[in-house]
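Structure, as structure tokens:
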Amino acid sequence: MTKKIGMIVGSTRKASFSKKFADKLASLFPEEFEVVFSEIGHLEMFDQDYDDEGTTPASWQAFRQEIKELDGVMFVTPEYNRSVPPVLKNALDIASRPYGENVWSDKAGAIVSVSPGAISGFGANHHLRQILSFLNVHTMAQPEAYLGSVLNFLDDEGEIKADTVEFLQVIVDSYVAWFNRLA
Ligand code: FNR
């Protein structure tokens, strides 16, 4: 049976480096995996009153259902001020509620942090790891995936270089092994 993996990108920027690497990662999965991009940029900012007052936005309802139906999740994210971008935190919060209905729970997860800077999004990577731990996502520990100084991974046409694609394949293969071990 096909396994469904949600690819979640922590940037909505049109020319996002994170999206570029996420696209490539998605293309490297074996055929028994279907990778879908779970969009997060359109989600209203979390406010518990919507759920409490019965005015839950339709976008939240659809997103919660979408995440619920996934078998696993891969996060590819930049770092904002040494943490995760707000658009990603908002999505994590929305699908963690209402209380007791956390739809992230028990999924196999992976984190790839992306940065033009040398520190490789380490802060975002580990803040996200902490959040996912609380949400009961089983996040792959090794190999860690820090894509730093990303301009070095792109050729003159802006395409991802072959040796970087090899590293991305290692991440995907390791995640698939992790996923299958948990299944
Ligand atoms: C950044 N950037 C950034 N980079 C980094 O490595 N560590 C950081 O803490 C920050 N902080 C930060 C805050 C804010 C508000 C912005 C807008 C940017 C730079 C960031 O890595 C860069 O803009 C990336 O290109 C964003 O990722 P995408 O959109 O290319 O995927």
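Any read-out appearing in this document is the output of simple, stated calculations on the displayed coordinates, not a laboratory observation. Please read all numbers here as calculations on a predicted model, not as lab measurements.
Some observations on this one:
- Working note: Cα gyration tensor of the chain, eigenvalues times five, square-rooted, sorted largest first, giving semi-axes of 27, 19, 15 Å.
- C-alpha center-to-center spacing [the stretch 21-78, the stretch 95-114] in angstrom: 10 Å
- Normalised by the number of residues in the chain, the average gap of Cα pairs under 8 Å and 6 or more apart makes the relative contact order 23 percent.
- The GNM of the chain, with springs linking C-alpha atoms under 10 angstrom apart, assigns the highest mean-square fluctuation among Asp52, Asp23, Asp71 to Asp52.
- Folded to 0 to 90 degrees: helix 58-68 orientation relative to the chain principal axis, Cα: 60 degrees
- Backbone HN-Hα couplings from phi across the stretch 75-84 [Karplus 6.51/-1.76/1.60, Hz, Gly and Pro as x]: 9, 10, 9, x, 10, 10, 6, 6, 9, 7
- Estimated vicinal HN-Hα couplings, Hz - the stretch 128-143 in sequence order (Karplus 6.51, -1.76, 1.60; Gly, Pro = x): 5, 4, 5, 4, 5, 4, 5, 7, 6, 8, 8, 8, 4, 8, 9, x
- Residues whose placed amide H lies under 5 Å from that of Phe37, excluding near-sequence neighbours: Met7
- Considering helices alone, the calculated mean residue ellipticity of the chain at 222 nm is -12000 deg cm²/dmol, with DSSP H runs of length four and up weighted by -39500 (n - 2.57) and normalised per residue.
- Principal axis box of the stretch 33-136, alpha-carbon based, largest edge first, Å: 46, 32, 23
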